[in-house]
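Trainee: Before anything else, here's the structure in question.
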Amino acid sequence: MKPKSLLYEGKAKRLFETDDPQILWVEYLNQATALNGARKDAMDGKASLNNEITALIFEQLKRANLQNHFIKKISKCEQLVEKLEIIPLEVVIRNISAGSFAKRLAIPEGKPLEFPVLEFYYKDDDLDDPFINDDHVKILNLASNQEIERIKNEAYKINKALSILFEAIDIRLVDFKIEFGRRADGTVLLADEITPDTCRLWDKQTDEHLDKDVYRRNLGDLVPVYQEVLNRLNKRFD
Ligand code: ADP
Ligand code: UDP
(Lines give C-alpha, C1' and ligand atoms only; values in the text may rest on other atoms or scores of the structure.)
(Ligands and ions follow the chains in the order given, each with its own letter.)
Protein backbone atom coordinates (compact mmCIF):
# COMPACT_ATOMS: atom_id res chain seq x y z
CA MET A 1 0.00 0.00 0.00
CA LYS A 2 1.19 3.54 -0.81
CA PRO A 3 0.07 7.04 0.18
CA LYS A 4 -1.83 8.81 -2.63
CA SER A 5 -3.33 12.29 -2.51
CA LEU A 6 -3.00 14.41 0.63
CA LEU A 7 -6.45 14.53 2.23
CA TYR A 8 -5.70 16.83 5.17
CA GLU A 9 -2.75 18.48 6.84
CA GLY A 10 -3.35 19.20 10.51
CA LYS A 11 -1.26 20.49 13.38
CA ALA A 12 0.04 17.06 14.42
CA LYS A 13 -0.33 14.84 11.38
CA ARG A 14 -1.00 14.48 7.65
CA LEU A 15 -3.67 12.17 6.27
CA PHE A 16 -3.31 10.58 2.84
CA GLU A 17 -5.79 8.59 0.80
CA THR A 18 -4.65 5.11 -0.29
CA ASP A 19 -5.67 2.66 -3.04
CA ASP A 20 -8.27 1.40 -0.62
CA PRO A 21 -11.06 4.01 -0.14
CA GLN A 22 -11.60 2.73 3.40
CA ILE A 23 -7.99 3.11 4.54
CA LEU A 24 -6.00 6.25 5.36
CA TRP A 25 -2.23 6.62 5.62
CA VAL A 26 -1.34 8.80 8.61
CA GLU A 27 2.01 10.56 8.94
CA TYR A 28 2.86 12.06 12.34
CA LEU A 29 4.72 15.39 12.24
CA ASN A 30 7.75 16.63 14.16
CA GLN A 31 5.89 19.67 15.37
CA ALA A 32 4.29 20.92 18.59
CA THR A 33 1.51 23.49 18.71
CA ALA A 34 -0.48 25.31 21.37
CA LEU A 35 -3.15 28.00 21.53
CA ASN A 36 -5.05 26.56 18.56
CA GLY A 37 -1.92 26.61 16.41
CA ALA A 38 -0.93 30.20 17.20
CA ARG A 39 2.24 28.86 18.81
CA LYS A 40 4.16 26.33 16.73
CA ASP A 41 7.62 24.79 17.03
CA ALA A 42 9.54 22.12 15.16
CA MET A 43 10.35 19.22 17.45
CA ASP A 44 12.63 16.46 16.17
CA GLY A 45 11.69 13.03 17.45
CA LYS A 46 8.11 13.81 18.49
CA ALA A 47 6.45 12.21 15.45
CA SER A 48 7.87 8.72 15.98
CA LEU A 49 7.12 8.84 19.70
CA ASN A 50 3.47 9.75 19.20
CA ASN A 51 3.10 7.25 16.36
CA GLU A 52 4.41 4.47 18.60
CA ILE A 53 2.53 5.54 21.71
CA THR A 54 -0.85 5.81 20.01
CA ALA A 55 -0.31 2.49 18.16
CA LEU A 56 0.50 0.71 21.40
CA ILE A 57 -2.46 2.23 23.26
CA PHE A 58 -4.97 1.58 20.46
CA GLU A 59 -3.78 -2.05 20.27
CA GLN A 60 -4.30 -2.47 24.01
CA LEU A 61 -7.78 -0.92 23.74
CA LYS A 62 -8.65 -3.39 20.96
CA ARG A 63 -7.59 -6.22 23.26
CA ALA A 64 -10.04 -4.83 25.81
CA ASN A 65 -12.78 -4.95 23.13
CA LEU A 66 -12.78 -1.20 22.64
CA GLN A 67 -13.12 -0.80 18.90
CA ASN A 68 -11.01 1.85 17.20
CA HIS A 69 -9.72 2.95 13.80
CA PHE A 70 -6.14 1.67 14.19
CA ILE A 71 -5.01 -0.91 11.62
CA LYS A 72 -1.22 -1.09 11.83
CA LYS A 73 2.00 0.84 12.22
CA ILE A 74 3.92 0.84 8.94
CA SER A 75 7.03 2.88 9.71
CA LYS A 76 8.58 4.99 12.45
CA CYS A 77 6.24 7.93 11.85
CA GLU A 78 3.40 6.36 9.85
CA GLN A 79 0.40 4.13 10.42
CA LEU A 80 -2.72 2.92 8.59
CA VAL A 81 -6.18 3.63 10.01
CA GLU A 82 -9.76 3.03 8.94
CA LYS A 83 -11.16 6.08 7.16
CA LEU A 84 -14.12 7.41 9.14
CA GLU A 85 -16.50 10.34 9.00
CA ILE A 86 -15.23 12.24 12.02
CA ILE A 87 -17.88 13.57 14.41
CA PRO A 88 -16.65 17.13 15.11
CA LEU A 89 -16.58 16.75 18.87
CA GLU A 90 -13.67 16.78 21.28
CA VAL A 91 -14.76 14.44 24.02
CA VAL A 92 -12.87 15.19 27.23
CA ILE A 93 -12.87 13.05 30.36
CA ARG A 94 -11.41 14.40 33.58
CA ASN A 95 -10.40 12.41 36.66
CA ILE A 96 -8.45 15.19 38.39
CA SER A 97 -9.00 18.94 38.11
CA ALA A 98 -6.57 20.65 35.72
CA GLY A 99 -6.25 23.07 32.83
CA SER A 100 -9.32 24.93 31.58
CA PHE A 101 -11.61 23.07 34.04
CA ALA A 102 -9.56 24.18 37.07
CA LYS A 103 -9.56 27.74 35.79
CA ARG A 104 -13.23 27.98 34.79
CA LEU A 105 -14.66 26.43 37.95
CA ALA A 106 -11.96 27.53 40.43
CA ILE A 107 -11.38 23.93 41.48
CA PRO A 108 -7.69 23.76 42.36
CA GLU A 109 -5.48 21.92 39.90
CA GLY A 110 -4.67 18.48 41.30
CA LYS A 111 -7.96 17.93 43.17
CA PRO A 112 -9.26 14.42 42.44
CA LEU A 113 -12.85 14.48 41.14
CA GLU A 114 -15.54 12.33 42.83
CA PHE A 115 -16.45 10.80 39.47
CA PRO A 116 -15.12 11.12 35.92
CA VAL A 117 -16.44 14.33 34.37
CA LEU A 118 -17.29 14.13 30.66
CA GLU A 119 -17.33 17.26 28.50
CA PHE A 120 -18.01 18.03 24.85
CA TYR A 121 -16.20 20.73 22.87
CA TYR A 122 -17.32 21.62 19.34
CA LYS A 123 -14.34 20.96 17.06
CA ASP A 124 -14.30 24.23 15.14
CA ASP A 125 -11.07 26.22 14.90
CA ASP A 126 -12.89 29.43 13.86
CA LEU A 127 -14.97 29.30 17.04
CA ASP A 128 -11.98 28.20 19.18
CA ASP A 129 -13.54 24.82 20.02
CA PRO A 130 -16.30 26.04 22.38
CA PHE A 131 -17.57 24.02 25.35
CA ILE A 132 -21.04 22.64 24.46
CA ASN A 133 -23.72 20.38 25.97
CA ASP A 134 -25.86 17.53 24.61
CA ASP A 135 -28.59 19.91 23.38
CA HIS A 136 -25.97 21.90 21.45
CA VAL A 137 -24.70 18.66 19.90
CA LYS A 138 -28.25 17.93 18.71
CA ILE A 139 -29.09 21.49 17.55
CA LEU A 140 -25.87 21.52 15.54
CA ASN A 141 -26.79 18.09 14.12
CA LEU A 142 -23.42 16.69 15.13
CA ALA A 143 -24.73 13.40 16.49
CA SER A 144 -28.03 11.65 17.24
CA ASN A 145 -29.26 10.76 20.74
CA GLN A 146 -28.20 7.18 20.15
CA GLU A 147 -24.75 8.24 19.00
CA ILE A 148 -24.33 10.56 21.99
CA GLU A 149 -25.13 7.64 24.30
CA ARG A 150 -22.67 5.36 22.49
CA ILE A 151 -19.94 8.03 22.59
CA LYS A 152 -20.42 8.57 26.33
CA ASN A 153 -20.47 4.83 27.13
CA GLU A 154 -17.35 4.21 25.09
CA ALA A 155 -15.57 7.24 26.57
CA TYR A 156 -16.17 6.03 30.14
CA LYS A 157 -14.95 2.53 29.23
CA ILE A 158 -11.88 3.99 27.52
CA ASN A 159 -11.21 6.05 30.65
CA LYS A 160 -11.30 2.90 32.82
CA ALA A 161 -9.00 0.97 30.48
CA LEU A 162 -6.54 3.88 30.12
CA SER A 163 -6.50 4.64 33.84
CA ILE A 164 -5.56 1.01 34.57
CA LEU A 165 -2.95 1.01 31.81
CA PHE A 166 -1.26 4.20 33.06
CA GLU A 167 -1.59 3.22 36.74
CA ALA A 168 0.48 0.13 35.91
CA ILE A 169 3.33 2.38 34.76
CA ASP A 170 3.11 4.75 37.71
CA ILE A 171 1.24 7.48 35.87
CA ARG A 172 -1.98 9.21 36.89
CA LEU A 173 -4.38 9.85 34.01
CA VAL A 174 -5.55 13.37 34.89
CA ASP A 175 -7.66 14.02 31.78
CA PHE A 176 -7.69 13.33 28.06
CA LYS A 177 -9.39 14.21 24.77
CA ILE A 178 -10.69 11.69 22.26
CA GLU A 179 -12.55 11.81 18.95
CA PHE A 180 -15.02 9.44 17.36
CA GLY A 181 -16.01 8.73 13.77
CA ARG A 182 -18.62 6.79 11.80
CA ARG A 183 -18.10 3.86 9.48
CA ALA A 184 -20.24 3.77 6.31
CA ASP A 185 -22.62 1.40 8.14
CA GLY A 186 -23.10 4.00 10.91
CA THR A 187 -21.02 2.25 13.60
CA VAL A 188 -19.39 4.85 15.85
CA LEU A 189 -15.83 4.12 16.99
CA LEU A 190 -12.78 5.74 18.54
CA ALA A 191 -10.48 7.56 16.07
CA ASP A 192 -7.63 10.09 15.95
CA GLU A 193 -4.89 9.55 18.58
CA ILE A 194 -4.21 8.97 22.26
CA THR A 195 -0.78 10.41 23.08
CA PRO A 196 0.83 12.77 25.59
CA ASP A 197 -0.38 15.52 23.21
CA THR A 198 -3.99 14.65 24.05
CA CYS A 199 -3.75 13.46 27.67
CA ARG A 200 -2.57 14.94 30.94
CA LEU A 201 -0.24 12.41 32.52
CA TRP A 202 1.34 12.98 35.93
CA ASP A 203 4.04 10.84 37.47
CA LYS A 204 2.46 9.05 40.45
CA GLN A 205 5.38 9.68 42.79
CA THR A 206 6.51 13.18 41.84
CA ASP A 207 3.48 14.72 40.04
CA GLU A 208 5.92 15.63 37.24
CA HIS A 209 4.09 16.50 34.01
CA LEU A 210 4.65 13.82 31.35
CA ASP A 211 2.57 15.47 28.62
CA LYS A 212 2.13 18.50 26.36
CA ASP A 213 1.81 20.84 29.36
CA VAL A 214 5.64 20.72 29.37
CA TYR A 215 5.43 22.63 26.08
CA ARG A 216 2.32 24.70 26.87
CA ARG A 217 3.79 25.87 30.20
CA ASN A 218 7.47 26.05 29.13
CA LEU A 219 8.56 23.44 31.66
CA GLY A 220 11.44 22.02 29.60
CA ASP A 221 12.09 19.68 26.67
CA LEU A 222 9.09 17.75 25.42
CA VAL A 223 10.81 14.91 23.55
CA PRO A 224 12.61 13.27 26.54
CA VAL A 225 9.34 13.41 28.47
CA TYR A 226 7.38 11.61 25.69
CA GLN A 227 10.29 9.14 25.43
CA GLU A 228 9.89 8.40 29.15
CA VAL A 229 6.18 7.61 28.63
CA LEU A 230 7.02 5.29 25.71
CA ASN A 231 9.83 3.59 27.69
CA ARG A 232 7.44 2.84 30.53
CA LEU A 233 4.78 1.51 28.13
CA ASN A 234 7.34 -0.65 26.30
CA LYS A 235 8.68 -2.05 29.57
CA ARG A 236 5.14 -3.06 30.48
CA PHE A 237 3.95 -4.42 27.13
CA ASP A 238 7.02 -5.80 25.31
P1 ADP B 1 -5.88 19.15 13.91
O2 ADP B 1 -6.95 18.87 12.90
O3 ADP B 1 -6.47 19.54 15.25
O4 ADP B 1 -4.83 20.08 13.47
P5 ADP B 1 -4.32 16.69 13.53
O6 ADP B 1 -3.10 17.24 12.93
O7 ADP B 1 -4.20 15.61 14.54
O8 ADP B 1 -5.22 17.77 14.28
O9 ADP B 1 -5.24 16.24 12.33
C10 ADP B 1 -5.74 14.99 12.16
C11 ADP B 1 -7.16 15.10 11.64
O12 ADP B 1 -7.56 13.80 11.22
C13 ADP B 1 -8.15 15.52 12.72
O14 ADP B 1 -8.98 16.55 12.20
C15 ADP B 1 -8.96 14.26 13.00
O16 ADP B 1 -10.30 14.55 13.33
C17 ADP B 1 -8.85 13.51 11.69
N18 ADP B 1 -8.94 12.05 11.83
C19 ADP B 1 -8.44 11.28 12.82
N20 ADP B 1 -8.71 9.98 12.62
C21 ADP B 1 -9.40 9.90 11.45
C22 ADP B 1 -10.00 8.82 10.71
N23 ADP B 1 -9.89 7.57 11.14
N24 ADP B 1 -10.66 9.12 9.57
C25 ADP B 1 -10.75 10.43 9.14
N26 ADP B 1 -10.21 11.46 9.78
C27 ADP B 1 -9.54 11.23 10.93
N1 UDP C 1 -6.96 18.61 24.63
C2 UDP C 1 -6.57 18.20 23.37
N3 UDP C 1 -6.82 19.03 22.31
C4 UDP C 1 -7.43 20.22 22.45
C5 UDP C 1 -7.83 20.64 23.75
C6 UDP C 1 -7.57 19.81 24.81
O7 UDP C 1 -6.02 17.10 23.21
O8 UDP C 1 -7.63 20.91 21.43
C9 UDP C 1 -6.72 17.73 25.80
C10 UDP C 1 -5.67 18.29 26.73
O11 UDP C 1 -4.40 17.77 26.39
C12 UDP C 1 -6.12 17.77 28.07
C13 UDP C 1 -7.64 17.68 27.94
O14 UDP C 1 -7.91 17.66 26.56
O15 UDP C 1 -5.61 16.46 28.29
C16 UDP C 1 -8.37 18.83 28.60
O17 UDP C 1 -7.84 20.04 28.16
P18 UDP C 1 -8.33 21.45 28.76
O19 UDP C 1 -9.78 21.64 28.45
O20 UDP C 1 -7.99 21.51 30.22
O21 UDP C 1 -7.59 22.51 27.89
P22 UDP C 1 -6.22 23.29 28.04
O23 UDP C 1 -5.98 23.58 29.46
O24 UDP C 1 -5.23 22.36 27.43
O25 UDP C 1 -6.49 24.50 27.21
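Trainee: Counting C-alpha atoms alone, how compact is the stretch 65-158: give Rg to one decimal and Dmax as a whole number, in angstrom.
Mentor: Reported Rg and Dmax, both Å: 15.7, 44.
Trainee: Then there's this: Past the 24 Å Cα-Cα mark, which pairs from 83/103; 123/204; 13/212? Show your work: numbers first, answer last.
Mentor: Numbers: 83/103 36 Å; 123/204 31 Å; 13/212 16 Å.
Beyond 24 Å between Cα atoms: 83/103; 123/204.
Trainee: A further question follows. How much length is gained on full extension from residue 103 to residue 160, taking 0.36 nm per residue of separation minus their Cα-Cα distance?
Mentor: Numbers: separation 57, 0.36 × 57 = 20.52 nm, distance 2.51 nm.
Gain on stretching residue 103 to residue 160: 18.0 nm.
Trainee: Rounded, prolate or oblate for the chain? Axes are the square roots of the Cα gyration tensor eigenvalues, ordered a ≥ b ≥ c, and the cut-off for rounded is a/c under 1.5.
Mentor: Values: a/c = 1.36, a/b = 1.08, b/c = 1.27.
Rounded shape, in that the Cα axes give a/c under 1.5.
Trainee: Once you charge only the Cβ atoms, +1 for Lys and Arg and -1 for Asp and Glu, what is the size of the charge dipole of the chain about its Cα centre, to the nearest 20 debye? Present the calculation step by step, with values, prior to reporting the outcome.
Mentor: Details: 36 positive and 42 negative charges, 81 e Å.
In debye, rounded to 20, the chain gives about 380.
Trainee: Round to the nearest 0.05 the FRET efficiency obtained for residue 221 and residue 40 when R0 = 22 Å and r is the Cβ-Cβ distance. Before the final figure, lay out each step's value.
Mentor: Working: r = 17 Å, r/R0 = 0.75.
Efficiency, from the Cβ-Cβ distance: 0.85.
Trainee: Here is a follow-up. Can you tally the net charge around residue 182? Count Lys and Arg as +1, Asp and Glu as -1, for every other residue whose Cβ sits under 14 Å from the Cβ of residue 182.
Mentor: Values: positive: 83, 150, 183; negative: 82, 85, 147, 154, 179, 185, 192.
Taking every Cβ under 14 Å from that of residue 182, the sum is -4.
Trainee: Please give the Cα centre distance for the stretch 80-109 versus the stretch 122-159, rounded to the nearest Å.
Mentor: Spelled out, the Cα-based centre of one part sits 11 Å from the other.
Trainee: Run the accessible area of the chain with a 1.4 Å probe and give the carbon-and-sulfur part as a rounded percent.
Mentor: Numbers: 5850 of 11990 Å².
It is 49 percent, rounded to a whole number.
Trainee: Then there is this: Sorting check: for 115-121, 208-214, which peptide has the highest mean count of neighbouring beta carbons within 10 Å, and how do the rest follow? Present the calculation step by step, with values, prior to reporting the outcome.
Mentor: Numbers: 115-121: 16.0, 208-214: 21.0.
Top of the packing list down: 208-214, 115-121.
Trainee: Accessible area per residue for the chain in Å², computed with a 1.4 Å probe and the full protein assembly in place, what is it? Walk me through the numbers before you get to the answer.
Mentor: Working: 11990 Å² over 238 residues.
Normalised by residue count, the accessible surface of the chain is 50 Å².
Trainee: To continue, here is another question. Multiply the residue gap between residue 75 and residue 125 by 0.36 nm, knock off their C-alpha separation, and tell me the result in nm, one decimal place. Present the calculation step by step, with values, prior to reporting the outcome.
Mentor: Working: separation 50, 0.36 × 50 = 18.00 nm, distance 3.00 nm.
Full extension of this stretch gives 15.0 nm more.
The values are calculated or read from the model by the stated rules, or taken from the named source; none is laboratory data. Given the structure is predicted, the values throughout are model-derived calculations rather than measurements. Ideal geometry is used to build each Cβ from the backbone, glycine not excepted, and the neighbour counts take in all protein chains shown. Ligands, DNA and RNA are excluded from the accessible area calculation, which covers all protein heavy atoms including side chains. Shrake-Rupley method; radii C 1.70, N 1.55, O 1.52, S 1.80 Å.
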